[in-house]
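As structure tokens, the structure follows; a few thoughts come after it.
What follows draws every value from the coordinates through simple rules; no lab data is involved. Source: prediction; values computed, not measured. Neighbour counts run over all protein chains shown; Cβ positions are idealised from the backbone, glycine included.
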Amino acid sequence: MSNLDRPARGVFVVAGALLMAVVPFLTAPAVSAAPQQAATAATTAARPRVVFLGDSLTAGYGLGKDQSVPSLIQARLNASGYQYDVINAGVSGDTSAGGLSRLNWSLAGNVQVLVVELGANDGLRGLPPAAMKRNLDQIITRAKQRRIAVLLTGMEAPPNYGAAYTAEFRQVFYDLARQHKVSFVPFYLQGVAGNPSLNIADGIHPNPAGARIVETTIWRALEPLLSKPR
């Protein structure tokens, strides 16, 4: 079976249990990413962009400004000679519907790659996986219509909603990756979830060491989508 056909389940169970313990953190009051994007647009409008559309895991909850995954990706791009600006469009507490609602301004400028990290809050709230699938489908479709490469990352629902719900939720990401033929990271928190030494006190948001592991995972899938440095 291919990577898109067989979800890895063991780590997801641990992550799901942790998610239930930290609902207040992932569903914190939303903080708009628009000011950061506007500031970047004013200084480097001509450079191609990599946009991270996500929730608090993207925003870097509990981390310093330069410790979020998008910031670490920017540092790696710079060190590797890639001429891209990374836009952190992460909003704490956001659902897939919230991400869809702000997609247009998130894709302003010369966006070449969209990294989609959404769904954790849909799962925490027990929202219908079918609705999440429609939202993510629209995000991917609209990005591809603009000829923007998409990197989709998967998430897991907490287990208290039952095995049927968590399986349906998990499968959404695999189905969309297969349907749209986009790059895919099955679990955004792979190698980090469930390890206290890699998370802040809430047990779910990566600490600086955990963020570096996530960045490495994302970079492996992201780099093939980039134009090579000249």
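Long-range amide H contacts for Asp85: which residues qualify at under 5 Å (H placed 1.01 Å from N, peptide plane, sequence gap of 5 or more or a different chain)?
Result for Asp85 returns Arg49, Val50.
For Trp105, what is the net charge nearby, where nearby means another residue's Cβ is under 13 Å from its Cβ and Lys, Arg count +1, Asp, Glu -1?
Residues close to Trp105 contribute a combined charge of +3.
Would you tally the net charge around Gly119, using a Cβ to Cβ cut-off of less than 9 Å, leaving Gly119 out, and scoring K and R as +1, D and E as -1?
-4
Sticking with the crude label model, points 7 Å out along Cα→Cβ, report the distance from Gln171 to Thr216 in nm, one decimal please.
Reported label-point gap for Gln171 and Thr216 is 3.4 nm.
For Asn110 and Glu223, calculate 0.36 nm times their separation in residues minus their Cα-Cα distance, and state this gained length in nm to one decimal.
Full extension from Asn110 to Glu223 adds 38.9 nm.
Can you give the net charge of the other residues whose Cβ lies under 12 Å from the Cβ of Tyr188, counting K and R as +1 and D and E as -1?
-4
Evaluate the distance, in nm, between pseudo-label points positioned 7 Å from the Cα of Ser101 and of Asn160 along their respective Cα→Cβ axes.
Inter-label distance under the simple model: 2.5 nm.
Rank the residues Thr216, Thr153, Thr166 as a footprinting-exposure proxy: fewest other Cβ atoms within 10 Å of their Cβ go first.
Thr216, Thr166, Thr153
Ala46 label point, 7 Å along Cα→Cβ, cut-off 16 Å on backbone N: hits in segment 66-106?
From segment 66-106, the list is 83-85.
Would you please give the residues with an amide H less than 5 Å from that of Val115, counting only those at least 5 places away or on a separate chain, with H modeled from the backbone geometry?
For Val115, the qualifying residues are Val51, Phe52, Leu53, Leu151.
Taking Cα atoms of segment 66-171, Rg/Rh with Kirkwood Rh, to two decimals?
1.01
Exactly which trypsin sites (Lys or Arg not before Pro) in segment 146-185 are in a DSSP loop and have at most 14 other Cβ atoms within 10 Å?
Taking segment 146-185 and a limit of 14 other Cβ atoms within 10 Å, the loop trypsin sites (Lys or Arg not before Pro) found are Arg146, Arg147, Lys181.
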